[in-house]
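Scroll down for the structure; my scribbles are underneath it.
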Amino acid sequence: MVVAVTDHLRTACARVCAGLALALGQRCQLCAAVLTHAAPMRLCPDCLAQLTLPQAGYCPRCGISAHNMRLPMLCPTCHTAPPPWSALVMHGPYAGQLKELIHRHKFNQDHGVSRLLGDVLCTAWDAQNLPVPDLIVPVPLRTRRLLWRGFNQSLELGRCLARHVHCDLAPQGLHKVRDTKSQSSLRRAERLRNVRGAFAATRTMKGQCVVIVDDVMTTGATLTACATACRQAGAREVLVAVLARAQEHKPVSQYKQDRAEL
């Protein structure tokens, strides 16, 4: 009798908690499952498991995946032709639930996931044990794209990271000095040439450790141009922080050839 009453009370409490969670809007931000208790980043356990940080299998400088790596280690390309930044912070590959979240924010103007994406980026930052930077700079958006979208997703991520690490944010620390073609239809080497010299710093960065923030790193062409501009402005060190890295599948020799064409 006592066991039956106890089970009944537990069921009733669970229903009350679910009802309160529903009334208060406490739902998983990915699958909309009702959260009956406080959850990290307001995600249910199943969705949270899909957003775990990668522990191995990628290059810590460019983020390219290599499934035969047991630990994060430099790929051959970064050994011979390293990018102009010293470390890359990323949460994971541009796929699955992370890709869905980024699309909802950027293309569907779902600002409800903005805080969640900021938390995702901050989680990736904390995992690297990096020193506090001096300045955070978002990748600038083309004026036409900014007017169409209404916001710069890189700036929103930069705000979250700046608050998290307690450092200065320069919303317009970089700007485009010339128009460029859309990157989406270009090959990697063409992307690199397209944005080379297209960015410049609007302030001095002499002696500073600067973090460039973007949502997705595809080939790294835009980030390379932005990092170069920061170096030219006197930055002592440049780091890159992104939510996701799109994975390219081609031989290492092709990466070397693309960089050699610059």
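Every number in this text was worked out from the coordinates using simple rules, so none of it is lab data. From a predicted model like this one, the values you see are computed outputs, not experimental measurements. Neighbour counts are summed over all protein chains in view; Cβ atoms, including those assigned to glycine, are modelled from backbone coordinates with ideal geometry.
Computed from label points 7 Å out along Cα-Cβ, the spacing between THR123 and VAL34 is 2.4 nm. For the stretch 76-131, the Stokes-Einstein estimate of translational diffusion at 37 °C and a viscosity of 0.692 mPa s comes to 250 µm²/s, using the Kirkwood hydrodynamic radius over alpha-carbon pairs. Amide H contacts for ARG27 (H built 1.01 Å from N in the peptide plane; partners 5 or more residues away or on another chain; cut-off under 5 Å): LEU35.
The alpha-carbon atoms of the stretch 73-171 define a convex hull whose volume equals 131 cubic angstrom per residue.
Once the C-beta distance of LYS99 and ASP168 is scaled by a Förster radius of 30 Å, the resulting FRET efficiency is 0.45 to the nearest 0.05.
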